[in-house]
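Trainee: Please find one structure pasted underneath; my questions will follow.
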């Protein structure tokens, strides 16, 4: 058997035999060239600037921490769900001005009880038991509470505020005598009250929670007050400290029309007494841009005026469609501000009527008045007008009149001593 002759042990010897033992011919030229060229600067070597070894090194991969991420996601969903439940549990409220849904009707029975009635079903409920200190119910604009002032009383009496069902009764700070007017602020936190303070009819602004009440320092007699949508107050008051407002007759009134901040500051006279002969009502438009008032002057017994609060201009509503002889006592803007409701006294019979807010054709509503002057008010949704017609023997008829004048009117089967007030509900 022949042994296999491996080449590996003899490989260095063989290479030495094959290699040339001489220097290349171009070696001298190579040395001359390198001697003349400088060495490359150190900054041009990228490895001196970048950690090439670290970049080239591979790092071990760790698993994604899914458990904390999942826990955070679940916590976020729980928080969002709680916020949605909280928001859904909060009661929706109607806007303080403008159209709203119709709620219950509220009135004071002859015995003194405060009662609510559903105008659709006729269902009645007692809001508060009979009491001499509880007066006519005035609902807040948000439909959640009512104030119960006793109007006109010479004796000092408290004003009670309660929930719509009579719960959570609060007594406003102070006692009030000869209350002529009361209005809720747009946000429901305060009430502006015209009452006798030290022998003068003044404006008292009371906190609805009973914490405070203060008399506005106007230094003049006040007849009417109403909140505007922006929180300011429109006021009918004596032009000067010694003037009478109201006077013994409309012709002798020295009342002027004012506007001011809710704290009584920045009092601005809009119309002087010589131009203003307003009576009974002072109604702001739902957008707060206009004031509606009724003039009563010799030869102009009942004329509708609209005062532009932005332009500070006053105009009489066109009378082209009115009868030749007529009179008006009270007027109100509709909830959407497009129409005006007013009482129309004329030779052929007296009616409630509606006219466009810019003037136009008159629409007479309901039957001719059967007896004394009735009371009326817009429904919160503006589709109907609630009217109380006094009849003989101290009784009355309560009607819902179609505001379009189509005659689709409805008599409510209830006899009330005064015109009920209407709760506003969210649309």
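Trainee: Quick one: grab Rg to one decimal and Dmax as a whole number for the stretch 253-366, Cα atoms only, in Å.
Mentor: Radius of gyration, then largest Cα-Cα span, for the stretch 253-366: 14.4, 48 Å.
Trainee: Over the Cα atoms of the stretch 218-285, what Rg and Dmax result, in angstrom?
Mentor: 11.3, 33
Trainee: Jot down the per residue volume, in cubic angstrom and as a whole number, of the convex hull over the alpha-carbon atoms of the stretch 317-399.
Mentor: Per-residue hull volume (Cα only) is 89 Å³.
Trainee: Then there is this: When only C-alpha pairs under 8 Å and at least 6 residues apart count, what is the relative contact order of the stretch 222-378, in percent?
Mentor: About 13 percent, as a whole number.
Trainee: Quick one: Cα centre-to-centre distance for the stretch 154-170 and the stretch 91-124, in angstrom?
Mentor: Value for the Cα centre distance between the two parts: 16 Å.
Trainee: As a test of the definition: which semi-axes, in Å, follow for the stretch 169-246 when you take the square root of five times each eigenvalue of its alpha carbon gyration tensor? Largest first, please.
Mentor: 21, 15, 9
Trainee: Please express the shape of the stretch 84-236 as an equivalent ellipsoid: the semi-axes are the square roots of 5 times the eigenvalues of the C-alpha gyration tensor, given largest first in whole angstrom.
Mentor: Each semi-axis is the square root of five times an eigenvalue, giving 26, 20, 14 Å.
Trainee: Normalised by the residues of the stretch 142-282, what does the relative contact order come to in percent, with Cα pairs under 8 Å and at least six apart?
Mentor: Values: 340 pairs, mean separation 19.9, N = 141.
Dividing the mean separation by the residue count of the stretch 142-282 yields 14 percent.
Trainee: Debye sum, Cα scatterers, the stretch 289-343, no solvent: what log₁₀ I/I(0) at q = 0.18, 0.20, 0.22 1/Å?
Mentor: Here the Debye-derived log intensity ratios amount to -0.62, -0.76, -0.90.
Trainee: log₁₀ I(q)/I(0) of the stretch 186-337 at q = 0.12 Å⁻¹, via Debye over equal Cα point scatterers, no solvent, to two decimals?
Mentor: Listed by q, the Debye log ratios stand at -0.51.
Trainee: Take the alpha-carbon centre of the stretch 173-203, take the same for the stretch 329-360, and report the distance between them in whole Å.
Mentor: 28 Å
Trainee: Any chance you could tell me what percent of the C-alpha pair distances in the stretch 285-427 go past 21 Å?
Mentor: Within the stretch 285-427, distances greater than 21 Å cover 44 percent of Cα pairs.
None of the figures in this text is laboratory data; all of them are computed from the coordinates on show. None of these values were measured; they are calculated from a predicted model.
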